[in-house]
């Protein structure tokens, strides 16, 4: 059968096959195919954590040696009284509350290598003020509200509302100094790598320091991970806890450098499992520069008796690898290990 020349084709066929129309369609098809292939490849790759151990959100009972190695000042689950850093003994229900405007004039002094005046030499060595309570190892149940949004150029890649319940798994961080803990949170339970975050916190006599952060997010079918090693470590809680105290951090690595200012703005009571705990409200504003740029505003409701924030909120806007992203989320502890 002889195929007629293109000149003999119907007009609509000649228009549909003109190079001016076919070429862009082929280019677009190739780009879409390449994007889908790249996304499939990223999802097929295992996610590795460079610090804290490669197993994400691993649960289990702490070993007897780990339990015995808790620093003085930790709160056992039996509920016995403990000493507030720099103060008098108090019950596990809380420390003496200090509210804005109460007339307290106490100001934080220098805590080891970092001071409220903006020193950046990292966590203090052992010794000095009493250590904070260290967190109970296990699974914390969280109530979650919030959403995230990612764009590639002008195109929206994904807009997601977080599930209303999540889990935070706390365990001792592998290969890290004593007093270091993995805080692993999977925002979408049962969906690994959709949005997972690990933070490693280092508990010292001077406070609680952020040593490492890694987030793995899958959006538009593409999985990406970003990690930051904080050098020096970023102070998140300064001891002794005092309303009005403030401090400054500057550090990070080549991927992202953070300039952060924190302040204890007040106290409030939060109830978990029918029990009330005093929390110190700590506001932190962060400016991010480097390969990843943006801002993040964080608020912690930190319980000195449990050694963890019982509630936290983060508003985040940034850009990396050609994508822009935003997140606004609040997590509240509703169940403890």
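Checking the structure you have, find out if any residue of the range 262-280 is at pLDDT below 95 and either crowded, with 19+ Cβ neighbours inside 10 Å or not assigned by TED's automatic domain parsing to the domain that holds residue 138 (or both).
Among the residues of the range 262-280, not one is at pLDDT below 95 and either crowded, with 19+ Cβ neighbours inside 10 Å or not assigned by TED's automatic domain parsing to the domain that holds residue 138 (or both), which makes the answer no.
Check whether at least one residue in the range 181-188 is touching a strand residue (DSSP E or B) at 6+ places or on another chain (Cβ under 8 Å), assigned by TED's automatic domain parsing to the domain that holds residue 315, over 13 Å from residue 56 (Cβ atoms) and touching a residue at least 60 places away in the same chain (Cβ under 8 Å), and report yes or no.
no
For residue 179, state whether it is more than 17 Å from the chain's Cα centre (by Cα) and under 20 Å from residue 136 (Cα atoms). Talk me through it step by step, then tell me what you get.
Values: more than 17 Å from the chain's Cα centre (by Cα): yes; under 20 Å from residue 136 (Cα atoms): yes.
Criteria met by residue 179.
Take residue 303 and tell me if it is crowded, with 20+ Cβ neighbours inside 10 Å and more than 17 Å from the chain's Cα centre (by Cα).
Here the answer is yes, as residue 303 does meet what is asked.
Within the range 196-203, is even one residue farther than 27 Å from residue 294 by Cα and modelled with pLDDT of 90 or more?
Within the range 196-203, one or more residues are farther than 27 Å from residue 294 by Cα and modelled with pLDDT of 90 or more.
Kindly indicate whether any position in the range 234-241 is under 21 Å from residue 142 (Cβ atoms) and touching a residue at least 60 places away in the same chain (Cβ under 8 Å).
Step one: list which residues in the range 234-241 are under 21 Å from residue 142 (Cβ atoms), which gives 236-237.
When the remaining residues are screened for being touching a residue at least 60 places away in the same chain (Cβ under 8 Å), the result is 236-237.
Yes, the range 234-241 has at least one match.
Of everything in the range 189-203 that's more than 15 Å from the chain's Cα centre (by Cα) and either surrounded by fewer than 19 Cβ atoms within 10 Å (Cβ to Cβ) or not assigned by TED's automatic domain parsing to the domain that holds residue 253 (or both), which residue is farthest from residue 259 (Cα to Cα)?
Among them, the one singled out is 190.
When you scan the range 202-227, how many residues do you find that are closer than 21 Å to residue 47 by Cα and in contact (Cβ under 8 Å) with a residue 24 or more places away in the chain?
Residues that pass the stated criteria total 15.
The rows are residues; the columns are (1) buried (at least 19 other Cβ atoms within 10 Å of the Cβ); (2) farther than 25 Å from residue 162 by Cα; (3) in contact with a helix residue (DSSP H, G or I) (Cβ under 7 Å, 6 or more places away or on another chain); (4) not assigned by TED's automatic domain parsing to the domain that holds residue 213.
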residue	(1), (2), (3), (4)
237	yes, yes, no, no
259	no, yes, no, no
299	no, no, no, no
316	no, no, no, no
324	no, no, no, no
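Do we find a residue being within 22 Å of residue 49 (Cβ to Cβ) and in contact with a helix residue (DSSP H, G or I) (Cβ under 9 Å, 6 or more places away or on another chain) anywhere in the range 224-233? If you could, list the steps in order and put the result at the bottom.
Kept after step one, since they are within 22 Å of residue 49 (Cβ to Cβ), are these residues of the range 224-233: 224-233.
After this cut, where a residue has to be in contact with a helix residue (DSSP H, G or I) (Cβ under 9 Å, 6 or more places away or on another chain) as well, the list is 224.
Yes.
In the range 155-169, is there at least one residue being assigned to a strand (DSSP E or B) and touching a helix residue (DSSP H, G or I) at 6+ places or on another chain (Cβ under 7 Å)? If you could, list the steps in order and put the result at the bottom.
Initial filter on the range 155-169 (assigned to a strand (DSSP E or B)): 155-161, 165-169.
If we keep only those that are touching a helix residue (DSSP H, G or I) at 6+ places or on another chain (Cβ under 7 Å) too, we end up with none.
Taking every residue of the range 155-169 in turn, none turns out to be assigned to a strand (DSSP E or B) and touching a helix residue (DSSP H, G or I) at 6+ places or on another chain (Cβ under 7 Å).
Given the residues 252, 206, 221, which is the only one that is more than 14 Å from the chain's Cα centre (by Cα), surrounded by fewer than 16 Cβ atoms within 10 Å (Cβ to Cβ) and modelled with pLDDT under 95? Break it down into steps so the answer makes sense when it comes.
Details: 252 fails: surrounded by fewer than 16 Cβ atoms within 10 Å (Cβ to Cβ); 206 fails: surrounded by fewer than 16 Cβ atoms within 10 Å (Cβ to Cβ).
Of the residues listed, the single one that is more than 14 Å from the chain's Cα centre (by Cα), surrounded by fewer than 16 Cβ atoms within 10 Å (Cβ to Cβ) and modelled with pLDDT under 95 is 221.
The values are calculated or read from the model by the stated rules, or taken from the named source; none is laboratory data. Remember, predicted model here, so these are calculated numbers, not experimental data. Backbone-built Cβ (ideal geometry, glycine too); neighbour counts: all protein chains shown.
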